[in-house]
Each structure stands twice: as C-alpha cells, then as structure tokens.
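The values are calculated or read from the model by the stated rules, or taken from the named source; none is laboratory data. Note that the structure is predicted; figures quoted are calculated from it, not measured. With ideal geometry, Cβ positions are generated from the backbone for all residues, glycine too; neighbour counts draw on all protein chains shown. Keep in mind that these areas ignore ligands, DNA and RNA; they rest on the heavy atoms of the full protein, side chains included. Shrake-Rupley method; radii C 1.70, N 1.55, O 1.52, S 1.80 Å.
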Amino acid sequence: MTFRHRHLLGIEPLHPAEISTILDLADRYVDLNQSTNKRSDALAGLTQINMFFENSTRTQASFELAGKRLGADVMNMAMQASSIKKGETLIDTALTLNAMHPDLLVVRHPQSGAVNLLAEKVNAAVLNAGDGRHEHPTQALLDALTIRREKGRLHRLTVAICGDIAHSRVARSNLILLGKMENRVRLVGPPTLMPAKIAEFGVEVFDDMKAGLEGADVVMMLRLQRERMDGGFIPSEREYFHRFGLDAEKLAYAKDDAIVMHPGPMNRGVEIDGTIADDINRSVIQEQVEMGVAVRMAAMDLLARNLREAQAARGVMV
Ligand code: ASP
C-alpha cells in the first residue's frame, strides 16, 4: 500500500498510485457498509474531532459515521456556537483543541488555505473537508470511486463538469484528480463563472452545454455557490436553467450510457431538472453519498496507520 502523507489537505499532493490505494481500500469499506456488521477497529483508541466552520449536511454526517464505524471516539464541535463567535482566532481554537490530544481533525472552513494553515499548528492528522474555493479532496475521491465502479475504469473517460466552476472547490479537486488519472476534462458554464487562466489546467472550456456534453461519459453538475458570489454573475435563475440547467434535451448530447452526478446540495430547477436527478438509470447521486462514507473511512484508516507508525518510531505506544 502506498500512501505516505500525514494529512489529507488536497488532491494536488497525491500521486496517482496513492489515489488508487485510497479507492481500493474504499471498495472494501463499501462491502463492510453493505453488511449487517458495520464495525471495524481501524481507529480504535483514537479521537476524531470534526470542526465545521461552514454549514454541511452530507460531509459532516459522513465523516461522523465513518469515524464511528471504525471505532474512533468522535466529537462534533459546534463551531457556530463556539469561541470563534467571541473573536478567538482559528489558530487559538486549533491550539486549544490540540491540547485535548485529538488524533484526527476534520476541518471545513470558508477561507481557502485555512485548513493548510491549521495543519501546521497541530499534532493530529488533518483532513480537509472543504476550504473556500480551494479543495474538497474527499468529494473528488468519492466522485472518482463512483465513476470507477460505474464505468469500470478511471482513465480515458470524457468528464464534463458544468456550472459554477469559479466558486467550486469540488470542480477544482475533481479536475486535478481526473487529470492525474488521464481523463479528458471539459468545463462547461458561462464565462462569468469560469476562473481566469483555467485552460492552463489542461482542460477544454465550453460556454454551450450541447457542445460541452457531446459524447461525454460523465456529466457532473455543480450548484450556484451564491455564498461566494459578490455580484451579479447570472442574469436570472430561469435564464440560467434554460442555458446551463441539465434537462433531458441537453443530456441527449452525452453518450447513451452517460452518468449524471451532483455533489449536493442540489437546486432543482436551477442547475438540474428534478426528473433527471431522480432518474435511477442515469443519476448516481445517491451512490455518491454512499461512496462518501467508504472513502472517508479509507482516508482516515490510511492516515491513522501513518500516525501509528510515526508514533511507534518515536517510541510512543498507541
Ligand atoms: N457540498 C459541496 C461543497 O461543500 C458542494 C456545494 O456546496 O455546492 O463544496
């Protein structure tokens, strides 16, 4: 097994073999999660703290369940209600938590780079659960696992990522991962929602859904990230749906067996038609959620192994 990292802060530092290692282990956890005995002791004795400075439904629940199934003591910090509101800095909060000796810290923060900064200050293994518009590595990994299981491979596929690319950490982590695994990535959306210099990432850029979806194996839709917009990026939601919302007519341009993905939360009728999202023959949105638990179990398991190894090397028994 190759995975030589102390933290999981992004997809950027990962080697393709490390991505495969995580996905292979996650496949085993999918089987465990589908069985009646969902327990393993991979994290027994370890403490996992989830710190979410930004709202989350799926990711927080998924990390909590993943930790519990692996036998960790899991604590959710209610960051909205914590001292942060009283003006304590991120670093002070981190140092306070560090003194409680957590082994795994799962962190979501609205500012890009905040999680990397925090990782420098604590002894625990840090997992980035989404920082600003920077990275959301476990989302890209769970998307990769979903694609690999659905398509039987994770290379030489045409993947169209559509919508609000500029504000999306999901798009960023996904395009890095899919590029590393040698797929063809297309970004589709209005020019106002396309980051500057994006073509440098080796992707193709489209502002027309039909052209962008032509022959695609995977269609990944993104939410309009209004909380990160500070102006009028789109004329109106109705107009946006008309041009960029995924409906049956636009999906018909993709391959007949193309799958439809969405990281959630979904805005039905804005970026995706509800009937497409619910179409069990095309949509793998629920499967993405299922893969999320398994991928997070795999990531925490691998980080814990490295943690135990490093501590053993220092002569500390864990
Ligand atoms: N849940 C994903 C994220 O945290 C996508 C989204 O919020 O639209 O980035």
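General observations
- All of LEU43, LEU14 fail the test of being in contact with a strand residue (DSSP E or B) (Cβ under 8 Å, 6 or more places away or on another chain) and touching a residue at least 60 places away in the same chain (Cβ under 8 Å), apart from LEU43.
- Residues located in the stretch 1-27, provided they are part of a helix (DSSP H, G or I) and closer than 14 Å to MET300 by Cβ: THR21, ILE22, LEU25, ALA26
- For the condition outside any helix (DSSP H, G or I), within 16 Å of the ligand (Cβ to nearest atom) and either open to solvent by 10 Å² or more (accessible area, probe 1.4 Å) or free of Cβ contacts under 8 Å to residues at least 24 places away in the same chain (or both), ILE280 does not qualify.
- Qualifying positions in the stretch 147-161 - more than 13 Å from the ligand (Cβ to nearest atom), in contact with a strand residue (DSSP E or B) (Cβ under 7 Å, 6 or more places away or on another chain) and not small (Gly, Ala, Ser): ILE147, GLU150, LEU157, THR158, VAL159
- Complete set of residues in the stretch 1-17 that are modelled with pLDDT of 95 or more and open to solvent by 20 Å² or more (accessible area, probe 1.4 Å): HIS5, ARG6, HIS7, LEU9, GLU12, PRO13, HIS15, PRO16, ALA17
- When the test is whether a residue is without any contact (Cβ under 8 Å) to a residue 12 or more places away in the chain, under 22 Å from GLU287 (Cα atoms) and open to solvent by 10 Å² or more (accessible area, probe 1.4 Å), ARG153 passes it.
- Some residue of the stretch 8-23 being in contact with a Gly (Cβ under 7 Å, 6 or more places away or on another chain) and closer than 22 Å to ALA304 by Cα: no
- Selected residue (only one of HIS109, HIS136 is open to solvent by less than 50 Å² (accessible area, probe 1.4 Å), modelled with pLDDT under 95 and within 30 Å of VAL260 (Cβ to Cβ)): HIS109
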